[in-house]
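One structure is given below, encoded as structure tokens.
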Amino acid sequence: MIDTDAALAPFEVDDLDGDVLLDLISDNTGQEWRAERRRLRLAYQLCVTHPAVEDDAASWGDGIPDLSGYTDTLGGEGTPEVAAFTIELWATAAGVSTWSAKRTLAAALDLHHRLPRTWAAVEELRIPGWKGCRVAEDTNRLSLAAATWVDNELARRGTWGLPRIEKTIKAAIAMFHPDLVKNNGFPGREDWDVTLDHTAGVDGTSRLDAIGDSVDLEKFHSLLADEAATMGRLGDTDTLGQRKAKALGVLADRQATADLLGLLDNGGSGTGGSGANGGGSADAGGGAGDASSGNTAGGHDADRAAGGLVHPVTGKPVTRRRSYLKTRLFVHLSLADLATLTGATRPATGATHDGAGDETAAADGHVAATNLFGTVHLDTLKAWLRDLGTDARITPVINTNRDWSVDHHDPPETMREQVILRDRHCVFPWCTVDARHCDLDHITPFDEHGPPGQTRPDNLAPLCRRHHLAKTHGSWRYVRNRDGTYTWTNHTHTWLVTHSGTTSLTDP
């Protein structure tokens, strides 16, 4: 493998050893530090050349003046304001997400105006740019006085090691912001919560975190441990930790079988069904489908009523539930995999095809893309359906290629689902915000006095709120191409956005 050194002299990497190898490692480190310094210089220059006009500062929040209120600057106290959508200029030029662009511009502002001695260390290549950015990010919310103290203290000691940075900032918080110090840094009652993160693992693995009453959590953990021990005695060979994790589902299903909510309020508010539509049907489509579980609001599972079990007040039959799962799962998979999933010999009638060459295809082709759990193997999806049993239905839905239109501005729910399932995320360059959290934008603006049929799938695209506003009030324009990709332009650059990512079409 041939590479070049700082003097552009070629060398063979596989032939390196000894002092020559170490010299090139040092040379590479120096180049990285200079590149980081140049990046911060350019970021600050972009901010300087795009000053905010009155009431028009770029902020960490979404919005524009008179809409969502750009009232905060990117940098901390003492930094100048920056024109709205400057963040997008950096993001599209650098090929990074909006969030990454925000961090870079804010750090550049803070280093120049709040942390001048730390910035001097970056300029003189005494510390790498990423350490300067770390100080800037960790002091961004602090007052100018606190940031100045941190800057002077680090410079006085002449070291910016991570332990020193952390210790110094904690000291500054204690001195300048005692209100931010609570419980000696430990969580308290105000932090109680239970959170679920579906992005923390792969192939159907998620993370559940809980902070609560010590006795309550100890009781629950003991219950999980007992259940896991029972599973082990019954022959489960998984580790104790794996069995405790599986016990969560066992306990949830057991509670659902008991149907305590049904006994207390059969059909009352919040108990008659599950799923985003209040019904909780379980659907999966060939090209685009949704799957969820729970009873339907109409009680179509009355045949599962618990053998004579009735509500003690109303006397109506109580329908048992095997699961409390209330999430609609949207699945993208090929027609062949749909047939395999359902055990059919051919695709179900009405299923639509999303492309056998979809980017979700794995080496064996047997994977499905989901809206909540990422890409999962077909075996995992089958296991979920097997576990849910009659609480899950598979129904082909939404033809993502359907060509239709309406004459009013807001698309009907079916059209919105079609566009969301088709594009999956915000179609602004390098943005990955899930389409379900986006606005549907009229690519050609809707004209109340214009022709009929302006609201149609090929004139709609999901844009997150920030990029919707950038398109509406900024300098970005885009079109949807015949192949379903998008071409974006601003004053000087052009980008192509596809399902698999963004490509710059402008020569560097």
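General observations
- Each eigenvalue of the Cα gyration tensor of segment 424-504, multiplied by 5 and square-rooted, gives one semi-axis; in descending order these are 20, 14, 13 Å.
- Remark: M175, M231 ranked as M175, M231, counting other beta-carbon atoms within 10 Å and listing the fewest first.
- Extension gain, T414 back to V479 (0.36 nm per residue minus Cα-Cα distance, nm): 21.1 nm
- Within straight-line reach of K316, meaning a Cα separation under 27 Å, sit the following lysines at least 8 residues removed in sequence or on another chain: K326.
- Sorting T375, T494, T139, T199 from the fewest to the most surrounding beta carbons within 10 angstrom yields T199, T494, T375, T139.
- A simple packing score, the average count of other Cβ atoms within 10 Å per residue, orders the peptides 217-226, 108-117, 141-150, 44-53 as 108-117, 141-150, 44-53, 217-226, with the highest score first.
- Taking the centroid of alpha carbons for each part, segment 110-170 and segment 469-500 are 38 Å apart.
- Taking H468, H449 and counting other C-beta atoms within 10 Å, the order from fewest to most: H449, H468
- Extension gain, D407 to R38, is 127.7 nm, computed as 0.36 nm per intervening residue step minus the present C-alpha separation.
Just so you know, all these numbers are worked out from the coordinates, no wet-lab data involved. What you see is a predicted model; the values in this text were computed from it and never measured. Reconstructed Cβ throughout: ideal geometry from the backbone, glycine too, with neighbour counts over all protein chains shown.
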